[in-house]
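Chemist: Take a look at the following structure, please.
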Amino acid sequence: MYIIPAIDILDKKVVRLREGNYEDVTTYDVSLEEMIEKYQANGTEIIHVIDLNGAKGDFKNQKHLFDIVKKVDMKIQYGGGIRSIDMVKKLTDEGIYRVIVGTQALTKPTFLDELSTLKCSDQIIIAIDVLDEVIKYSGWMESSPVKLIDYIDRCLGLGFFRFLCTDINKDGKLSGAGVDLYKKLLNHSPIIKLIASGGISSMQDIQELSQLRIEAAVVGKAIYEDHISIEEIKEWNLRSLIKF
């Protein structure tokens, strides 16, 4: 299992939201470029970037990010307001390693069908934000009538196999990862590549997740608030690559 550091950006600033609430935001005194360069210097290969402006349809952060991507040897998985096939193409053309799709895949029935025709399933991550086994979207403000397991089966049927699952009950609280939720998903579909997100507060949480068949874990707030150090991430990821 690989640890992927998370960077949330709002107005080009590095921030963290609590439970997705734009009114409950913590801003960190470090730039996006500084954070990416710091991770790169410590051997991290993949960074998880969520564009909080993009989630609201404002893509003013994208050029800033693209300029940074061109300067660093880093793989970026990017999410935030991906509403069209053209946007997916633009992001991959600009060097984004993986594109995270969420709301549009739930609300537009033909979106995933159209996306599947691009034959780029390895570059697509399906975001599933879950609150008490209900899929939420649009900044966690709306609830989908689609059942969680049915949605995973539909995505698999279209060739999408990598899922970013955020347990909303855990997100931003440093209260531990949603292990029970991940177990349920993996027991149902052992073939999926699952990226865990939300609530990770310590290397003990990482160790617990590693006992499951999880591909990676996204860690954000625990890094910024010194619960997990970049050195610990580097050591863990090196060991993971050796085992792999």
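The values are calculated or read from the model by the stated rules, or taken from the named source; none is laboratory data. Since we're looking at a predicted model, the values are computed, not measured. Heads up, the Cβs are rebuilt from the backbone with ideal geometry, glycines too, and the neighbour counts pull from every protein chain shown. Keep in mind that these areas ignore ligands, DNA and RNA; they rest on the heavy atoms of the full protein, side chains included. Shrake-Rupley method; radii C 1.70, N 1.55, O 1.52, S 1.80 Å.
Chemist: Using beta carbons and a limit of 8 Å, which pairs, at least six apart or on different chains, have the first residue in the range 35-57 and on the phi > 0 side of the Ramachandran plot and the second one open to solvent by less than 50 Å² (accessible area, probe 1.4 Å)?
Modeler: The qualifying pairs are GLY43/ASN237; GLY57/GLY81.
Chemist: Please go through (1) more than 23 Å from GLU142 (Cβ to Cβ); (2) assigned to a loop (DSSP other than H, G, I, E, B); (3) charged (D, E, K, R) for ASP58 and return the number of the only condition it doesn't satisfy.
Modeler: Result: ASP58 fails condition (1) only.
Chemist: Is it true that ASN61 is in contact with a helix residue (DSSP H, G or I) (Cβ under 8 Å, 6 or more places away or on another chain), over 20 Å from TYR151 (Cβ atoms) and polar (S, T, N, Q)?
Modeler: yes
Chemist: Within the range 175-191, restricting attention to residues that are open to solvent by less than 10 Å² (accessible area, probe 1.4 Å) and modelled with pLDDT of 90 or more, which residue is farthest from VAL130 (Cα to Cα)?
Modeler: SER189
Chemist: Return the residues of the range 187-198 that are in contact with a helix residue (DSSP H, G or I) (Cβ under 9 Å, 6 or more places away or on another chain) and farther than 14 Å from ILE4 by Cα; say none if nothing qualifies.
Modeler: Within the range 187-198, HIS188, SER189, ILE191, ILE192 meet the criteria.
Chemist: Which number in (1) in contact (Cβ under 8 Å) with a residue 40 or more places away in the chain; (2) part of a helix (DSSP H, G or I) marks the one condition that LYS63 misses?
Modeler: Failed condition: (1).
Chemist: Evaluate the following for ASP86: is it of a type in the set (D, E, K, R) and either touching an Asp or Glu at 6+ places or on another chain (Cβ under 7 Å) or in a loop (DSSP other than H, G, I, E, B) (or both)?
Modeler: no
Chemist: Please find, within the range 141-161, the residue that is surrounded by the fewest Cβ atoms within 10 Å (Cβ to Cβ) out of those that are under 19 Å from the mean Cα position of the chain (by Cα) and in a helix (DSSP H, G or I).
Modeler: Filtering the range 141-161 for residues that are under 19 Å from the mean Cα position of the chain (by Cα) and in a helix (DSSP H, G or I), the one surrounded by the fewest Cβ atoms within 10 Å (Cβ to Cβ) comes out as LEU156.
Chemist: Considering the range 27-55 alone, what residues qualify as being assigned to a helix (DSSP H, G or I), out of contact with any helix residue (DSSP H, G or I) (no Cβ under 7 Å at 6 or more places or on another chain) and of a type in the set (A, V, I, L, M)?
Modeler: MET35, ALA41, ALA55 - these are the residues of the range 27-55 that are assigned to a helix (DSSP H, G or I), out of contact with any helix residue (DSSP H, G or I) (no Cβ under 7 Å at 6 or more places or on another chain) and of a type in the set (A, V, I, L, M).
Chemist: Of all residues in the range 214-244, which are surrounded by 14 or more Cβ atoms within 10 Å (Cβ to Cβ), modelled with pLDDT of 90 or more and part of a loop (DSSP other than H, G, I, E, B)?
Modeler: Hits for the range 214-244 are ILE214, GLU215, HIS227, ILE228.
Chemist: Going through the range 40-94 one residue at a time, which ones are under 23 Å from LEU118 (Cβ atoms), open to solvent by 50 Å² or more (accessible area, probe 1.4 Å) and of a type in the set (A, V, I, L, M, F, W, C)?
Modeler: PHE59
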